[in-house]
Amino acid sequence: MWIMQAFLSAFFAGITAILAKVGIRHTDSHLATALRTIVVTLFAWLIVAITGGFSELPAVKGETLLFLVLSGLTTGASWLCYFKAIALGDVIRVAPIDKSSTILTMLLAFLLLGEPLSWLKVVCMVLIGVGTYGMVRAERDPHTENAGQDASPKRNAWFVYAALSAVFAALTTILGKIGVQAISSNLGTAIRCLVVLALAWAIVFAQGTHRTIRQLDRRSILFLVLSGLATGLSWLCYYGALKDGNASVVAPIDKLSILVTVLFSRLYLREKLSARMLAGLTALTAGTLLLLV
């Protein structure tokens, strides 16, 4: 059952990036993240209400709450960095870096959770790393290369945000794995949502971007809401799988969302997929699938 939940998580996570990319085209990325989080939080607590999860609240211990809060903070940081990255760069390049968090997740699962790290997993990590590099490495463009534009900090800012997103995502998985051991995954997800919501809106108000809410068009709002719903569904499936399965297996399956993201980025966003990027995607996918052997 948890395998199916992990694959559903991958699908919903894959379409989240595409919906969000459309929604943030005319919106500050941090404000977009905060608005999406409202939808995700409402969705998560609705599921808790439907499943009777409120009865578990008195039983939530301090240690469990601590890890859920920490997981929520890393989730919020990952989201803020990720949506800033896709606002600055192409989804088809940002997504692979975010998914490379699989490598760090497996290392942390080995060091902190005692999950085995076999030679096959090491080979998979290498394939994922090589594949990510192949997809992210920019094609040489003589028109910009001579001018030094590709090396400018501003032009490559998306890469920095994407890399930070991957680091925080890996920490989220490990902390979340610990946090949902003593309670239902639905309640754990809902509690984490509150933390993410508080973090996102704190940053929005600190920046003063909340004043631009009235300037949002209906199309942007629609896609942000849809993105939030997709994220909520992905989370519920992901942490349901994480509760019963190994973090080192659940996380890689979830990272197959890159296939969904690439497909929709090509069909809907018309982003380019070169031969080098296709080879990288193949290596990344192969490394991920081998983890399920």
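The values are calculated or read from the model by the stated rules, or taken from the named source; none is laboratory data. On a predicted model such as this, the values are computed, not experimentally measured, just so you know. We place every Cβ from the backbone using ideal geometry, glycine too, and count neighbours over all the protein chains shown.
One residue stands out among those in segment 191-217 that are under 17 Å from the mean Cα position of the chain (by Cα) and over 20 Å from Val48 (Cα atoms): the one that is surrounded by the fewest Cβ atoms within 10 Å (Cβ to Cβ), which is Leu199. Remark: Ala87 matches the filter, which requires a residue to be surrounded by fewer than 24 Cβ atoms within 10 Å (Cβ to Cβ), outside any loop (DSSP other than H, G, I, E, B) and not polar (S, T, N, Q).
When only residues in segment 95-125 that are of a type in the set (Gly, Ala, Ser) and in a helix (DSSP H, G or I) count, which is modelled with the highest pLDDT? If you could, list the steps in order and put the result at the bottom.
So in segment 95-125, the residues of a type in the set (Gly, Ala, Ser) come out as 95, 100-101, 109, 114, 118.
Then keep just the ones that are in a helix (DSSP H, G or I); that gives 95, 101, 109.
Details: Ala95: 88, Ser101: 84, Ala109: 84.
Out of the qualifying residues, it is Ala95.
Can you find a residue that is among the aliphatic types (A, V, I, L, M), farther than 30 Å from Leu66 by Cα and at pLDDT below 85 anywhere in segment 165-188? Quick ask: steps written out before the conclusion?
Residues of segment 165-188 that are among the aliphatic types (A, V, I, L, M), as a first pass: 166-167, 169-171, 174-175, 178, 180, 182-183, 187.
Imposing the further condition that a residue be farther than 30 Å from Leu66 by Cα reduces the set to none.
Within segment 165-188 (the criterion being among the aliphatic types (A, V, I, L, M), farther than 30 Å from Leu66 by Cα and at pLDDT below 85), the answer is no, since none of the residues qualifies.
Within segment 1-19, residues that are under 19 Å from Leu291 (Cα atoms) have Cβ atoms under 9 Å from residues that are assigned to a loop (DSSP other than H, G, I, E, B) and small (Gly, Ala, Ser) in these pairs: Trp2/Gly245; Ile3/Gly245; Gln5/Gly245; Ala6/Gly245, counting only partners at least 6 apart in sequence or on another chain.
Restricting to segment 92-129, count the residues that are over 20 Å from Ala13 (Cβ atoms) and either aliphatic (A, V, I, L, M) or touching a helix residue (DSSP H, G or I) at 6+ places or on another chain (Cβ under 9 Å) (or both). Give the steps one after another, and end with the answer.
The first filter runs over segment 92-129 and keeps only residues over 20 Å from Ala13 (Cβ atoms), leaving 107, 110-123, 125-127, 129.
If we keep only those that are either aliphatic (A, V, I, L, M) or touching a helix residue (DSSP H, G or I) at 6+ places or on another chain (Cβ under 9 Å) (or both) as well, we get 107, 110-113, 115-117, 120-123, 125-127, 129.
Within segment 92-129, residues that are over 20 Å from Ala13 (Cβ atoms) and either aliphatic (A, V, I, L, M) or touching a helix residue (DSSP H, G or I) at 6+ places or on another chain (Cβ under 9 Å) (or both) number 16.
Residues that are free of Cβ contacts under 8 Å to residues at least 60 places away in the same chain, part of a loop (DSSP other than H, G, I, E, B) and among the hydrophobic types (A, V, I, L, M, F, W, C) within segment 228-273 are absent altogether. Taken residue by residue, segment 49-72 has no member that is surrounded by 19 or more Cβ atoms within 10 Å (Cβ to Cβ), in contact with a helix residue (DSSP H, G or I) (Cβ under 7 Å, 6 or more places away or on another chain) and under 21 Å from Ser220 (Cβ atoms). Listed by first and then second residue, the pairs with beta-carbon distance under 8 Å, at least 6 apart or on different chains, first residue in segment 29-49 and free of Cβ contacts under 8 Å to residues at least 60 places away in the same chain, second assigned to a helix (DSSP H, G or I) and among the aromatic types (Phe, Trp, Tyr), are Ser29/Phe83. Every condition in (1) surrounded by 15 or more Cβ atoms within 10 Å (Cβ to Cβ); (2) in a helix (DSSP H, G or I); (3) at pLDDT below 90 holds for Arg276 except the one numbered (1). Looking only at segment 231-249, count every residue that is out of contact with any Phe, Trp or Tyr (no Cβ under 7 Å at 6 or more places or on another chain) and of a type in the set (A, V, I, L, M) and tell me the total. Residues that pass the stated criteria total 4.
Here Gly23 clears all of (1) within 18 Å of Leu224 (Cα to Cα); (2) surrounded by fewer than 22 Cβ atoms within 10 Å (Cβ to Cβ); (3) more than 13 Å from the chain's Cα centre (by Cα); (4) in contact (Cβ under 8 Å) with a residue 24 or more places away in the chain except the condition numbered (2).
Would you call Leu80 surrounded by fewer than 20 Cβ atoms within 10 Å (Cβ to Cβ), in contact (Cβ under 8 Å) with a residue 60 or more places away in the chain and part of a helix (DSSP H, G or I)?
Values: surrounded by fewer than 20 Cβ atoms within 10 Å (Cβ to Cβ): no; in contact (Cβ under 8 Å) with a residue 60 or more places away in the chain: yes; part of a helix (DSSP H, G or I): yes.
For Leu80, the condition - surrounded by fewer than 20 Cβ atoms within 10 Å (Cβ to Cβ), in contact (Cβ under 8 Å) with a residue 60 or more places away in the chain and part of a helix (DSSP H, G or I) - is not met.
Collect the residues in segment 7-20 that are crowded, with 24+ Cβ neighbours inside 10 Å and either basic (Lys, Arg) or farther than 12 Å from Leu233 by Cβ (or both), keeping them in residue-number order. Scanning segment 7-20 gives Ala17, Ile18, Ala20.
Per-residue answers, yes or no, for (1) crowded, with 24+ Cβ neighbours inside 10 Å; (2) over 30 Å from Val122 (Cβ atoms):
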{"site": "Ile178", "(1), (2)": "no, no"}
{"site": "Arg219", "(1), (2)": "no, yes"}
{"site": "Ser234", "(1), (2)": "no, no"}
{"site": "Pro252", "(1), (2)": "yes, no"}
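Just give me the residues in segment 254-268 being surrounded by fewer than 20 Cβ atoms within 10 Å (Cβ to Cβ) and either basic (Lys, Arg) or within 19 Å of the chain's Cα centre (by Cα) (or both), in sequence order. Within segment 254-268, Leu259, Val260, Leu263, Phe264, Arg266 meet the criteria.
Out of Leu256, Leu291, Leu281, Leu216, one residue alone is touching a Pro at 6+ places or on another chain (Cβ under 6 Å) and either polar (S, T, N, Q) or over 19 Å from Thr41 (Cα atoms) (or both). It is Leu291.
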